[in-house]
Structure formats: structure tokens, C-alpha cells
Amino acid sequence: MITQEQVLEALKECYDPEIPVNVVDLGLIYGVEVTPEDKVKVTMTLTTPGCGMAHNIAMQVKQRALQVPGVKDASVTVVWEPAWDSSKMSPAAKQKLGIPS
């Protein structure tokens, strides 16, 4: 059985090329659903709507989700509501980027 935790752990290998923190710790992953058919649905956002790397980051997330053992298919939906802000970052990410907690 595939768990959300397995998928999130795998997604920690995905990075916005402009920020040296993974997409999970940045708070960009809003949800992970694993269906009974072993399909993964990821809902995510980006730091800004105008991010030129949006397609690349979403594809990176999809490809990494597909590498989780047992996953038969994966989809990624990029949303803009709620808007991302630094409060969604993990404490470790804030520390790495020098943002006060």
C-alpha cells in the first residue's frame, strides 16, 4: 500500500531551481491523494504565478511520484488559491533561507 508519507518523502527530491530548498519544505505541496487504484494526485502551487519554471517543476514532481514503488499513474494540479507565502515553509527551510520563524 502506497502512503502519502512515501510520496512526500520522494517529492523532497524535487527543487525549484532558483531556491535551494525542496518543494515539500517550501510548502508548495498542498495535498497528496493516493487512490485505491494506486494512482497519485498531487495538488501544488508555486512561489509566484509568473514562475517561468512552473511546467518543469510540475513535471519533476510527477516524474518523481511515478518512481515511488507501486504507483501506477500520477497527476499534478497547480493551483493559486490559497496563495503561497513564507508561512507555509518548514522551520528548517526558513532557517536555511534566513527567514525568521
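The values are calculated or read from the model by the stated rules, or taken from the named source; none is laboratory data. Everything numeric in this text was worked out from a predicted model, so none of it was measured. Ideal geometry is used to build each Cβ from the backbone, glycine not excepted, and the neighbour counts take in all protein chains shown.
All but one of (1) free of Cβ contacts under 8 Å to residues at least 12 places away in the same chain; (2) over 28 Å from M1 (Cβ atoms); (3) exposed (fewer than 15 other Cβ atoms within 10 Å of the Cβ) hold for I99; which doesn't?
Failing condition for I99: (1).
Determine the pairs where a residue that is under 19 Å from S86 (Cα atoms), located within the stretch 45-62, has a partner that is part of a loop (DSSP other than H, G, I, E, B) and aliphatic (A, V, I, L, M) with Cβ atoms under 6 Å apart, the partner being 6 or more residues away or on another chain.
T45/L28; T45/V79; A54/L46
Of the conditions (1) aliphatic (A, V, I, L, M); (2) modelled with pLDDT under 95; (3) over 11 Å from the mean Cα position of the chain (by Cα); (4) buried (at least 19 other Cβ atoms within 10 Å of the Cβ), V40 clears all except one; give me its number.
Here V40 meets the rest and fails (2).
Pairs needed: first member in the stretch 2-13, within 13 Å of G27 (Cα to Cα); second member anywhere, basic (K, R) and modelled with pLDDT of 95 or more; C-beta distance under 6 Å; at least 6 residues apart or different chains.
L11/R64
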